[in-house]
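The structure appears below as structure tokens.
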Amino acid sequence: MRDLLFLVHPPSYFNFIVDEVGNYGSCFQVENASTERIAFRIRTNARHTYRTRPNSGFLGPNNRCLVTVELRPEGKFDQKHRFLIQALRASPGRCPLLCPHRRF
């Protein structure tokens, strides 16, 4: 069995909240569950519909990152929209193609 790299809070889905101006937004946390530094990236099948910040980054051991998701004003929600979080170990020397100044 492979070691767990990250956890997502909430684990399965998130709800959009409407603010007083009418904007739709939500947030979730990505937590590094490993003892090594990881790189993560958040993807969606509707990238022109949502704004995700941050959409990628690095997390040290046991660190967390709050990710916000906003529905763009011109966007329309669809139940078929999905989000995917990709992660890999990013320890120095193990991933020579990853540099702190490079976006992936």
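The values are calculated or read from the model by the stated rules, or taken from the named source; none is laboratory data. Owing to the predicted nature of the structure, the values given are computational and were not obtained by experimental measurement. Here Cβ is always computed from backbone atoms with ideal geometry, including for glycine, and neighbour counts include all displayed protein chains.
Select from region 1-51 the residues that are over 14 Å from R82 (Cβ atoms) and of a type in the set (K, R) and list them in ascending order. Once the filter is applied, which keeps residues that are over 14 Å from R82 (Cβ atoms) and of a type in the set (K, R), region 1-51 yields R2, R37, R41, R51. Within region 8-58, being without any contact (Cβ under 8 Å) to a residue 12 or more places away in the chain and of a type in the set (S, T, Y) holds for S12, Y13. Residue count for region 17-47, restricted to those that are surrounded by fewer than 16 Cβ atoms within 10 Å (Cβ to Cβ), more than 16 Å from the chain's Cα centre (by Cα), closer than 15 Å to L71 by Cα and not aliphatic (A, V, I, L, M): 4.
Filtered by the rule that a residue be farther than 30 Å from P92 by Cβ, assigned to a loop (DSSP other than H, G, I, E, B) and in contact with a strand residue (DSSP E or B) (Cβ under 8 Å, 6 or more places away or on another chain), region 60-82 gives R72, G75, F77, H81, R82. Taking the criterion of being among the aromatic types (F, W, Y) and assigned to a loop (DSSP other than H, G, I, E, B), the residues of region 1-59 that qualify are Y13, F14, F16. Restricting region 49-97 to residues that are modelled with pLDDT under 90 and in contact with a Phe, Trp or Tyr (Cβ under 7 Å, 6 or more places away or on another chain), the residue that is nearest to F16 (Cα to Cα) is G75.
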